[in-house]
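One structure is given here, and the rest of the page talks about it.
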Amino acid sequence: MKRDADFDELARYPGEWMRGEGPESDIVISTRIRLARNLADFPFIRRCSDEDRLSIERTVRARMDSLTDQRWKSAHYVDLEPLSEIDRQLLVERQLISREIAESDGSRAVAFDVTEGYSVMINEEDHLRIQVMKSGLDVQNAWEQVNRIDDMLEEVILYAFHPRYGYLTACPTNVGTGLRVSVMLHLPALVITEQMDRVFRSMQRINVTVRGLYGEGSQYTGDFYQVSNQVTLGYTEAELLALVGEEVAPRIIEYERKARAALLKNNRDDLHDEVSRAMGILSTARKISSEETMHHLSKIRLGISLGLISELDVKVVNQLFLQSQSAHLQKLQGRVLGTAERHARRASFLQHHLAGKDDPTWN
Amino acid sequence: MKCQFCEKPATFHITELTEPAGPQVMHLCEEHAKGFLQKGATPPVSAIAGALAKQIGQVGDDLEELDQKECPVCGISFFEFRNSGRLGCPYDYTHFESDLRPLLVNVHDKTKHVGKRPTRSAGTADSFARMIGLRREMEEAIEREDYERASEIRDELKAMEDPIRTPPSDPDETT
Ligand SMILES: [Zn+2]
Ligand SMILES: [Zn+2]
């Protein structure tokens, strides 16, 4: 594994799972699968001393280093403790690490591979959080990859596994498989037509959670929802994958498709107006917050998928979602920016890219 | 501040753990907060709190006694677990087994793992206790510069880590 990562380079690179490709990618942004695992011979994080945490980090790093798989060799291993806040934030924005691990203290690290779209967090809520991200609805491929990484790590790390309760986790809500399958959906038409409540209600009793996605400062950004399995114990991995990937996500996708078709049929002019206004604001604003950006980008993304905007590719919109976030802006700019500077920089960044200028950062 | 789902003022601020963003605050009006907490979309932390509240209803006067129960390996009390929603070590699933089982039923509806099994594991739950204890002893030995003892323990830990094949299924349970 490489001992560090070039964060400036990382900020320029869009990330495989943000490419806006893959099955159902007009509605599904990404699929993420994570496994929670713990070492057998340490307390869980909450009862770890500083020395325990350091010892876990060192043990895991050494064991990972002993792996011979070629793909593993190209991974980066980054110690999060000495990292600057902006670099940690950058990893959060790319979903390579959680906000929780970014903001905690003590020894902690992440191993990741940008092109492969996986990361392993060390000393998060559990000793290990292995996750794989895919663009679009791609549950089976994400599972096969995360399962392979788990098999590899299991060869060198003795997991806390109980014959009855399965993989033991710090929180009993993750015990058993330790598996969380999450699908991120873009549901603007269901939001506009005020049907999200109905979706929430229809998901009762079937063991899935539907969550709104938040931007910076926990402001509600609307239109983006994540569905994931709620239970982890007493079901096979295949059952949980099917629950989210074959039962729930396709059903919500169908609702959203119907809502989009109805909007187009009954409110085409209003919709076109709203999409054009969103484009207008992002193309001309001089200062803009990330919440407002998200809000308008969401409308533009809808406009593209309905054919109301033709001069823009959904890839570019996905890239703008990612790179208009604070840490990305600051890395691209090469320095720390205050809030006002950030808002101005974001506006000019959006303007430039929406003007259809060729994009040197997207290959 | 307005409710996230309607125009009414947000009077409930519910912190929940979401993936992958970490702890998040939900700002909801009374009506939506009630709906949110009662629906199937119960977030993990609320699920624990809810399940524990039910359990505690049954336990009644015994609650104080249960709260004081401590894990001999990591020292966490049931009270601390109840407040944080996080366990202290793998052995807690054994030490607090009967106390946790109603919670597992409430959260997952099931209490028996049927998914993937590692090809090797620590054998029994007692081995977690033993391994964590040994590791602590080794750290103490290093601290007092008793390297001979420390290396003995290291060998012992290594021996325990050597492949013990995971049995195909739980021998003493039928549920
Ligand atoms: Zn409300
Ligand atoms: Zn314990």
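The values are calculated or read from the model by the stated rules, or taken from the named source; none is laboratory data. As the structure is a computational prediction, the values presented were derived from the model and not from experiment. Heads up, the Cβs are rebuilt from the backbone with ideal geometry, glycines too, and the neighbour counts pull from every protein chain shown. For accessibility, only protein heavy atoms count, side chains too; no ligands or nucleic acids. Shrake-Rupley method; radii C 1.70, N 1.55, O 1.52, S 1.80 Å.
By per-residue mean of other Cβ atoms within 10 Å, what is the highest-first order of A:133-140, A:290-297, A:259-266?
Descending packing order for the listed peptides: A:133-140, A:290-297, A:259-266.
Past 26 Å, Cα to Cα, is the threshold; run A:LYS258/A:LYS299; A:LYS134/B:LYS2; B:LYS110/B:LYS158; A:LYS134/A:LYS287; A:LYS134/B:LYS158 against it and keep the listed order.
A:LYS134/B:LYS2; B:LYS110/B:LYS158; A:LYS134/A:LYS287; A:LYS134/B:LYS158
Between A:ASP69 and A:ARG12, what's the calculated FRET efficiency when r is the beta-carbon distance and R0 is 35 Å? Round to 0.05.
Efficiency at R0 = 35 Å is approximately 0.80.
Under the classification rounded if a/c is under 1.5, otherwise prolate if a/b is larger than b/c and oblate if not, where does region B:95-140 fall, given a ≥ b ≥ c as square roots of the Cα gyration tensor eigenvalues?
It is oblate, given that a/c is not under 1.5 and a/b is not larger than b/c.
Add +1 for every Lys or Arg and -1 for every Asp or Glu among the other residues with Cβ under 9 Å from the Cβ of B:LYS116, and state the total.
Details: positive: B:ARG117; negative: A:ASP150, A:GLU237.
My count for the surroundings of B:LYS116 gives -1.
Would you mind giving the mean number of other chain beta-carbons within 10 Å of the Cβ of each residue in A:89-99, as a whole number?
Working: counts 0, 0, 0, 3, 0, 0, 3, 1, 2, 7, 6.
Mean inter-chain Cβ contacts per residue within 10 Å come to 2.
Give me the aspartates and glutamates in straight-line cross-link reach of B:LYS69: C-alpha distance below 13 Å, same-chain residues under 8 apart excluded.
By straight Cα distance, B:LYS69 reaches B:GLU80, B:ASP92, B:GLU97, B:ASP99.
Please quote Rg/Rh for region A:286-344 to two decimal places, taking the Kirkwood radius as Rh and restricting both calculations to Cα atoms.
Rounded to two decimals, Rg over Rh is 1.04.
If one takes the accessible area of chain B alone plus chain A alone and subtracts that of the pair, with a 1.4 Å probe, what total in Å², rounded to the nearest 100, results?
It comes to approximately 6200 Å² buried between B and A.
Sorted by accessible area with a 1.4 angstrom probe, largest first, how do A:ARG88, A:ARG198 fall?
From most accessible down to least: A:ARG198, A:ARG88.
Across all directions of projection, what mean area in square nanometres is found for the Cα convex hull of region B:125-165?
One quarter of the hull surface, i.e. the mean projection, equals 2.6 nm².
Using a cut-off of 10 Å between beta-carbons, work out the net charge of the residues near A:ALA344 (Lys and Arg +1, Asp and Glu -1, A:ALA344 not included).
+4
Report, as an integer, the average count of C-beta atoms from other chains found within 10 Å of each Cβ along A:228-237.
6
Is the shape of region A:228-311 best called rounded, prolate or oblate, per the rule: a/c under 1.5 gives rounded, else a/b larger than b/c gives prolate, else oblate, with a ≥ b ≥ c the square roots of the Cα gyration tensor eigenvalues?
oblate
Quick check: net charge around B:ILE76, other residues with Cβ under 11 Å of its Cβ, Lys/Arg +1 and Asp/Glu -1? It would help to have the intermediate numbers written out before the result.
Details: positive: A:ARG46, A:ARG47, B:LYS69, B:ARG82, B:ARG86; negative: B:GLU70, B:GLU80, B:ASP92.
My count for the surroundings of B:ILE76 gives +2.
So what is the 222 nm mean residue ellipticity for chain A from helices alone, if each DSSP H run of at least 4 adds -39500 (n - 2.57) and you divide by all residues, rounding to the nearest 500 deg cm²/dmol?
Value at 222 nm, helices only, nearest 500: -13500 deg cm²/dmol.
Any idea of A:ILE206's accessible area? Nearest 10 Å², probe 1.4 Å.
40
Could you pull the Cα extents of chain A along its three principal axes, largest to smallest, in whole Å?
63, 48, 34
Report, largest value first, the span of the C-alpha coordinates of region A:1-160 along each principal axis, in whole Å.
47, 33, 28
Top mean-square fluctuation among A:PHE200, A:PHE112, A:PHE224, Gaussian network model of chain A, C-alpha springs under 10 Å?
It is A:PHE200.
Which distance in nm do the two modelled labels at A:SER276 and B:SER98 give, with both placed 7 Å along the Cα-to-Cβ direction?
Inter-label distance under the simple model: 7.3 nm.
Under the definition of partner shielding as Cβ atoms of other protein chains within 10 Å of a residue Cβ, what is the mean value for peptide B:100-113?
Values: counts 3, 1, 0, 2, 8, 2, 1, 9, 11, 6, 6, 6, 7, 17.
Taking the mean over all residues of the peptide, I get 6.
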